[in-house]
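> One structure, pasted below without further comment.
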Amino acid sequence: MNLQKRLLSGAAILAVSTAAAHAQEQDILLDTKPTVVTAEELNASSLRGSRAERVRGALRKRGDIGQDAELVLVREHRDGKGRVHQRFEQVVDGRRVYGASVTANFGEDGDLKKLRNRLRDRRNGKARRAGISAVDALEIARQRHFPAAPDVSAASTEGFVTTFAENDFYYQAPEVEEVVIARRGRNVIGYEVKLWSADSNELFHTLIGPNGRVLNVEDRTSRDQYAIFPDHPGNSNQVVVNGPGSGNAQSPNGWLFSGTQYRNYIRGNNVSAYLDRNNNNAPDTSSGAVTNGVFTTAASLNQDPSTTSNQYVAIQNLFYLNNRIHDILYTHGFTESAGNFQENNFGKGGFGSDSVNAEAQDGGGFNNANFATPGDGSNPRMQMYIWNLTNPYRDGDLDSDIVYHEYGHGLTWRMIGNMSGSISGAIGEGMADVLSILINNDDRVGEYSAANPNGIRSARYTNYPKDIGDFTGTSVHRDGEIYAATIWRLKALYEANGYTADQLMGDLVDGMNFTAPGPDYMDMRDGILDAVGGAKDCLVWEAFAEFGMGVGSSMGSRSASPSYALPSTCGGGGGGGNTDTTPPDLSNFGARRLSSCRFRLTWNSNEPATSQVRFPDYNYTYSDNTLKTSHSVTFNGSCGTTYSFYFEGQDAAGNLASEGPYSYRR
């Protein structure tokens, strides 16, 4: 049956929603790609009011939200170029909509430049009540993650958040929040359960559906004068450095709190570093009082890390490295309003009381480290372990690669969010490595701790042998190497064109302002492109295309379809300097009912192009970025409604074709 650009009476209804269209994946709103709206589409000059009012106005004008929709501004910060970035959460009847968010970017001129929104369908109506209680939801999450944990009773309820009693098993008291879940074309009420174990430092945010099914799990744990190792033993000697003191922009009151400190427990505004050999998740008994701010215990590397003096060295080194990475990232935009880690935010936005709790020589394991990142305003926890691969053992607290890597998880969780799962989790691992390799200018990670000259990754990042086509979705560390190798290549391109690694670090952090939560590799690429603009654009494209993330590349949770094509503006389009600006010709549109409410759309293009079907009424676009000429998309949904949609496709040169609207009904 051929489709016409009119309503076809007697045809079967094509029923689709933002959830149901992902029939092969999870069916919650979080799994849909965000809709990106550019300045040209926004007609930004016609918008009036405050920044938040202009964002809401633009979304209403597009029909993405209704007049009564609630968008809550949860973060706003200004970057070093004077641009302002906002993040909103969607609220329905006072409850947060799980996974529903809007990020907005304003230029130096104050105009709204771009929106990325992942919102519930405004037509879904009231949310259906849950069939289970908050207590039931906690028990379901407990049985999934910590079946040996003791039962805890509800202690208090404020709004839609129930806090349970504190218990030694948990690092923080469990919380259960009642949320709205947009799935299968309707809104239901479920729960997000937050559990954080004390001993293993595992932090899980678990989404429980109205009937008790686990729908999604966010794993938020990613496994004044100081004598320190700037990199690690073997690459650098132990040297004495001065803390910045008060008055610097990154740490206005300096690194060190006033008053008595201890050699095995050093406290400051950015980090508290302490010994936790007995694995009780609290500082060991304080020893070695210090009143003059001098922590210069000498390391004895031929002795075990457990000697008293080497324990002091571990603490002073861990304290220094956490402060150093804090200040570096602060310079590049990971500031208070961006959600960084500080006790006192000095009135500069964001939430304070969340400096890093860094546990040195933690007794909970060997040969690893981890970093758990709660929301802004709650302290993250870094656990560093001894490595037992040599005699004597080696201490990860002396290895900046590992400390910077762990801190990197906190960076991406706070600035981007939803960095779990096979794709975003791998990006988190890769970006964490990026901090280490850029700051230390070394294409290896963890070579000191692991006693391996090539480090702990499958290959060094120079001439790395894999690309996005090798993505498997089975190992976030191995898949993350692909992202880190891409950025290492981008560093070489920057330096060959007169830029520095420090400038690249700034562009990477800035790019996170333009990246929606739960990104894939191409989303990260596009965020960097939005941040840099101008002369650096083609350098970014060249690096990503070299690793298969060029124009037309795409990925799913277990595999990726590589493309090595550059955009025409960078000499791409398949012919080195091709200036093709003609969009593909789409034709032969068809629709066929497969079963009760299962339908297939088909069409062709005159040249290889991506496959997209856009449903403007539902703020949803199905996308398959594989370049091909025969296109077919199958949907599951409910019957009884008429749906309007557009067929779209983009060729290798980046030219977009759109045909429609078409309508289809029974």
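What follows draws every value from the coordinates through simple rules; no lab data is involved. Nothing here was measured: the structure is a model prediction, and the numbers come from that model. FYI the Cβ positions are ideal-geometry reconstructions off the backbone, even for glycines, and counts take in every protein chain you see.
> Packing-wise, with mean Cβ within 10 Å as the measure, how do 190-200, 557-567 rank, highest first?
190-200, 557-567
> Sorted by packing (mean other beta-carbon atoms within 10 Å per residue), highest first, where do 459-468, 205-214, 425-434 land?
Going from most to least packed, we get 425-434, 205-214, 459-468.
> Next question. For the chain, what does the helix formula give at 222 nm: sum of -39500 (n - 2.57) over DSSP H segments with n ≥ 4, over the residue count, nearest 500 deg cm²/dmol?
-7000 deg cm²/dmol, from helical runs alone.
> Then there's this: Compute the separation of the alpha-carbon centres of region 237-287 and region 290-348 and state it in Å as a whole number.
Using only Cα atoms, the two centres lie 6 Å from each other.
> Could you tell me which of ASN317, PHE106, VAL180 has its Cα farthest along the dipole of the chain towards the positive end, charges placed at Cβ (Lys, Arg +1; Asp, Glu -1), taken about the Cα centre?
VAL180
> Based on the inverse mean of 1/r over its pairs of different Cα atoms, what is the Kirkwood hydrodynamic radius of region 134-219, in Å?
After inverting the pairwise mean of 1/r, the radius is 13.0 Å.
> Right, next: Sequence neighbours fewer than 8 away in the same chain don't count; with that in mind, list the lysines whose C-alpha is under 30 Å from LYS33.
By straight Cα distance, LYS33 reaches LYS5, LYS61, LYS81, LYS113, LYS114, LYS126, LYS194, LYS466, LYS491, LYS536, LYS628.
> For THR162, what charge total do you get from the other residues with a beta carbon under 10 Å from its beta carbon, if Lys and Arg give +1 and Asp and Glu give -1?
Charge balance near THR162 sits at -4.
> Shifting gears a bit: Please sort 475-483, 234-242, 548-556 by packing, taking for each peptide the average over its residues of neighbouring beta carbons within 10 angstrom, highest first.
For the peptides 475-483, 234-242, 548-556, the packing ranking is 548-556, 475-483, 234-242.
> Can you find, among ALA127, HIS409, ILE140, the residue sitting farthest towards the positive end of the charge dipole of the chain, where Lys and Arg contribute +1 and Asp and Glu -1 at Cβ?
The residue sitting farthest along the positive end of the dipole is ALA127.
> Follow-up question, since we're still on this one. Taking the alpha-carbon set of the chain, what are its Rg and Dmax in Å?
Values for the chain (Cα only, Rg and Dmax): 25.9, 85 Å.
> Now for a different question. Two decimals is fine: what is log10 I(q)/I(0) at q = 0.13, 0.23 Å⁻¹ for region 33-116, from a Debye sum with one equal scatterer on every Cα and no solvent?
-0.38, -1.18
> While we're looking at this one, here's another question. Please give the net charge around THR610, taking every other residue with its beta carbon less than 10 angstrom from that of THR610, where Lys and Arg add +1 and Asp and Glu add -1.
The answer is -2.
> Any idea what the dipole of region 33-116 comes to, in debye rounded to 20, about its Cα centre with Lys/Arg Cβ at +1 and Asp/Glu Cβ at -1?
Using only the charged Cβ atoms, the result is roughly 160 debye.
> Let me ask something else. Place a +1 charge on the Cβ of each Lys and Arg in the chain and a -1 charge on the Cβ of each Asp and Glu, then give the dipole magnitude about the Cα centre in debye, rounded to the nearest 20.
The dipole of the chain has a size of about 2700 debye.
> Can you tally the net charge around GLY288? Count Lys and Arg as +1, Asp and Glu as -1, for every other residue whose Cβ sits under 15 Å from the Cβ of GLY288.
Here the charged neighbours net out to +2.
> Treating the beta-carbon of each Lys and Arg as +1 and of each Asp and Glu as -1, no other charges, what is the dipole magnitude of region 134-219 about its Cα centre, to the nearest 20 debye?
About 580 debye.
> Here's a follow-up. Among THR162, VAL214, ALA149, whose Cα sits farthest toward the positive end of the charge dipole of region 143-230 (+1 at Cβ of Lys/Arg, -1 at Cβ of Asp/Glu, about the Cα centre)?
Final value for the positive-end residue is VAL214.
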